[in-house]
Amino acid sequence: QLEGIRSAVIPSLVGPEIQTSLFAEFATAASEVWQLGATMLPGDLQGLDYATMILACYGVREPRSAARARVDRFDPKISRRVLVTRTALDIARFLQPGLAQDDENDQIRPVRALEQCIATGADRLRKYGDSYRLGFFDPDEPGDRGAVENFVVFDGNRILTETFGLVTELSDPRVVRLFTQNFESVWSACLLDGDAVDAMQRVIAAYGGD
């Protein structure tokens, strides 16, 4: 077993607290954070409605308040690269419309939740300039995923991965190097910033109503 790997299967009722605690612990000490969302939109692109739906998927008892805490933890002082794949958008499209409710107790609609996420990214690009970069990877071939895990890199030397509630901390230099190389490879093939926003808006518009 590689040194520096720690895994914890997150119980559904305490998962967000564990994840938030780990992320906050690492981010507080970091000056640069990279996030890659292979099957889920990265936390720093999530709007309130999308985060609510995701947390409801994990069975969180009060997903709205947990989602608000997740969105509010954004710290503009940290330099960020946020990378989302077409696969993450496609998966989100098929979340159940009745999965969670908004502040007016209306059902959250997946496509509208995605629109809110893209608006969040566009707003942060305007506000924070070079300290917030956004990338969108839409593979040329359906089978070319470019990445297979959702993960966050802190200062290039520490990683958190998350897959279906399994959160893993990685700090072994050899493993970290593989993940950072994966990120750089996908990032180099991305549409960036305003082009990324435009491309994601076109993808979401093509989904139609939900």
(message) Are there any chymotrypsin sites (Phe, Trp or Tyr not before Pro) in region 162-204 that are in a DSSP loop and have at most 11 other Cβ atoms within 10 Å? List them by number.
(response) Phe164
(request) Counting other Cβ atoms within 10 Å, keep those with at most 15, restrict to DSSP loop, and tell me which trypsin sites (Lys or Arg not before Pro) in region 54-90 are left. (result) Arg61, Arg73, Lys77
(request) May I ask you to derive the relative contact order of region 34-81, considering only C-alpha pairs under 8 Å and at least 6 residues apart, and to give it as an integer percent? (result) 41
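Every number in this text was worked out from the coordinates using simple rules, so none of it is lab data. Note that the structure is a prediction, hence the values are computed from the model and not measured. Neighbour counts are summed over all protein chains in view; Cβ atoms, including those assigned to glycine, are modelled from backbone coordinates with ideal geometry.
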